[in-house]
1. Below 18 Å, Cα to Cα, which lysines can K103 reach? Residues fewer than 8 away in the same chain don't count.
2. Evaluate the distance, in nm, between pseudo-label points positioned 7 Å from the Cα of E82 and of N95 along their respective Cα→Cβ axes.
3. Using a 10 Å cut-off around each Cβ, can you sort R101, R59 from fewest to most neighbouring Cβ atoms?
4. Residue by residue, what Karplus-based ³J(HN,Hα) values in Hz, rounded to whole numbers, does the stretch 79-87 have, using 6.51, -1.76 and 1.60 with θ = phi - 60° and x for Gly and Pro?
5. Amide H neighbours of D39 under 5 Å, at least 5 residues apart or on other chains, H built in the peptide plane: list them.
Amino acid sequence: MSTRSKFRIYFSLIVGSFLIGLSGCGSPAFEYSIEAKLDPHGISPLTALIQVQSKKECRASIKVLGEIPVEQSFETNAFNLEIPVVGLYPNKTNNVVVPVRGKPAPIIFNDMIF
C-alpha cells in the first residue's frame with residue numbers, strides 16, 4: 001500500500017483553477033486564480049502547496065482546521081504567491097481556509113478540502 005493511499009488524504013478542491021471576482025467599496029474587481037497540489041515534492045504526504053496568481057498584488061494566509069488548528073500568515077505582497085501548507089491530518093478530510101487580500105480590495109475567503 002502506498003503512503004498516499006495509506007493516509008487517504010482527499011484531494012478534491014472546492015476552489016480549483018478558476019477565477020474569482022469580487023467588487024466592493026468602489027474598487028475595481030479583484031480577480032485571481034488559485035490552485036493546490038498535495039505533496040508537491042513527493043516526499044511529505046501531509047503537506048500541500050497553494051499557488052495564487054493575480055493581476056494585482058495580493059497576500060494570503062492559511063488555516064488548517066481541526067482539533068489543533070494550524071495557522072500561517074504571509075506578509076509578502078506579490079502577483080504570484082506560493083503558500084506552503086503543513087499540518088494536514090492523516091486519515092481525515094482536511095479543511096483549509098485560504099483568505100486572500102488584494103490591494104485595496106476586501107478579503108476573499110476560499111475553502112479547500114484535501
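1. K55, K56
2. 3.0
3. R101, R59
4. Result, ordered by residue: 7, 10, 10, 10, 10, x, 10, 10, x Hz.
5. Amide H neighbours of D39: T47, A48, L49.
No lab work stands behind these numbers, since they all come straight from the coordinates. For clarity, every value in this text was computed on a predicted model and none was experimentally measured. Every residue, glycine among them, receives a Cβ derived from its backbone with ideal geometry; neighbour counts consider all protein chains shown.
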